[in-house]
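Visitor: My questions will all concern the structure given below.
None of the figures in this text is laboratory data; all of them are computed from the coordinates on show. Note that the structure is predicted; figures quoted are calculated from it, not measured. A quick note on method: Cβ atoms are made from the backbone with ideal geometry, for glycine too, and the neighbour counts reach across all protein chains shown.
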Amino acid sequence: MVVNANVYDSLYAAATTDYLQVDLTQSGGSAVTSSGGRPEVNTTHAAGIAWGSGAITAGAIASNAVTSAKIATDAITADKIAANAITSSEIADGALTAAKFAASSLDGKGDWNTTTPPTVAAIRSEMDSNSTQLAAILADAGTDIPATLATIAGYLDTEIAAILEDTGTTIPGLISGLNDPTAAAIANAVIGATVESNGTITLQQAVSVILAAVAGVTADAGATLKDPSGTATRIAATINGSNERTAMTITPSS
C-alpha cells in the first residue's frame, strides 16, 4: 500500500515527525465558521442552554464558585492591577459598609479591634523611660545649659565690674590730671625729657654742659671747663699732642 509521506510519518515512523492534515468544514451537520484558520466559539449556547441578556448574575454563580482557595496565590497582585483601575469614582456610594462585611471577616487580621490605644500618660511614660533623645534634652535643659549660663553670668559680672571701675574712677582720674596740669609739672616734664639717643642725658643736664662750654671757667689750658661760678667741673677733656680730644668726661648738674 502506498500512502502519502505525511501519513506515513504521522502513523508509522518510529518518532512522529509529521501530523495528519485535518480540515473541518462541518460540525453537527452545520457549516463551521472560522476566523484566522480557527473555529469560532458559539457564545450563545452552553450545555444546550441558550444564554440570554443577563445570563451571568450573582444568582447564577454558585456560592462557592469563587473562593480564595480557587484563586492562585499571585493571581491578584499590585503589579497586575492598573494604576487607576480602582478609584473612588469607580466604587459606588455605599459599596463598602459594615453590612457588606461578613461577621468576623476581619478577625485575626491584626489587633485593630482588640487593642486599646495607649493613653497620654502611657505615651509620656514610654518616652521618659526609653527615649534617649528626650533624656539628652532634659539633661541639657536641666543641668548643662543652666551651668553654662551661670558661668557666662559670672564672667560678665567680673568684666562689667572692671569696666565700671575704669569708666567710673580710673579713666576720669586720668582725664582730670590731663585737664589741670601745674606749671611745675609741665617744666619738670620738659627738662626731664631725654635728649641724647645714645645715653640718658636729660635736657636740664645738657643745658648745664652747654653753659659750661660757652660761659664757664676754664683750667688746664682749656681742657677743663667749669660752671660760670668756677665751682663745679662740667667737662674734662683728654688732649693728645695734636691737640685732639681723645676722651671727654662730663659731669652735668642734676
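Visitor: Evaluate the charge dipole of the chain about its Cα centre and quote only its size in Debye, nearest 20, assuming +1 on the Cβ of each Lys and Arg and -1 on the Cβ of each Asp and Glu. Could you put the intermediate results ahead of the total?
Guide: Values: 9 positive and 23 negative charges, 45 e Å.
The dipole magnitude comes to about 220 debye.
Visitor: Additional query: So, how do all the Cα-to-Cα distances of region 119-230 break down into 10 Å bins, in percent, from 0 on up?
Guide: For region 119-230, the pair-distance distribution reads 11, 15, 14, 11, 10, 9, 9, 7, 7, 4, 3, 1.
Visitor: Give the range of the longest stretch in the chain that excludes all GluC sites (Glu not before Pro) found in loop regions by DSSP and having at most 13 other beta-carbon atoms within 10 Å.
Guide: 41-195
Visitor: Suppose the chain between Thr246 and Ala183 were pulled fully straight at 0.36 nm per residue; how much longer would it get relative to their current alpha carbon spacing? Display every interim value, and only then the final one.
Guide: Numbers: separation 63, 0.36 × 63 = 22.68 nm, distance 4.15 nm.
Full extension of this stretch gives 18.5 nm more.
Visitor: Let's test this: bin the Cα-Cα distances of region 195-250 at 10 Å from zero up to the farthest pair and state each bin's percent.
Guide: So the P(r) values, bin by bin, are 25, 48, 26, 1.
Visitor: To the nearest 10 degrees, how steep is helix 203-215 against the longest Cα principal axis of the chain, on a 0 to 90 scale?
Guide: Helix 203-215 and the main axis of the chain meet at about 30 degrees.
Visitor: Taking the Cα centre of region 119-180 as the origin and placing charges on Cβ (Lys, Arg +1; Asp, Glu -1), which of Ala122, Ser176, Ala136 is farthest toward the positive end of the dipole?
Guide: Selected residue: Ala122.
Visitor: Using the Cβ atoms and a cut-off under 15 Å, what net charge is assigned to the surroundings of Ile210, where Lys and Arg are +1 and Asp and Glu are -1? Working shown, then result.
Guide: Values: positive: Lys226, Arg234; negative: Glu196, Asp227.
It works out to a net charge of 0.
Visitor: Using +1 at the Cβ of each Lys and Arg and -1 at the Cβ of each Asp and Glu in the chain, identify which of Ile61, Ala219, Leu96 lies farthest towards the dipole's positive end.
Guide: Looking along the dipole axis, the top candidate is Ala219.
Visitor: Something else: Taking the Cα centre of region 119-180 as origin, sum charge times position over the Cβ atoms of Lys and Arg (+1) and Asp and Glu (-1), and report the length of that vector in debye to the nearest 20. It would help to have the intermediate numbers written out before the result.
Guide: Details: 1 positive and 9 negative charges, 55 e Å.
About 260 debye.
Visitor: Further question on the same structure: From the gyration tensor of the Cα coordinates in the chain, what semi-axes in whole Å does the equivalent ellipsoid have, largest first, with each one equal to sqrt(5λ)? Mind showing how you got there, number by number?
Guide: Working: eigenvalues 3567, 329, 68 Å².
The answer is 134, 41, 18 Å, longest axis first.
Visitor: Limiting things to C-alpha atoms, what are the Rg and the maximum Cα-Cα separation (Dmax) for region 119-180, in angstroms?
Guide: Expressed in Å, the Cα Rg and Dmax of region 119-180 come to 24.5, 80.
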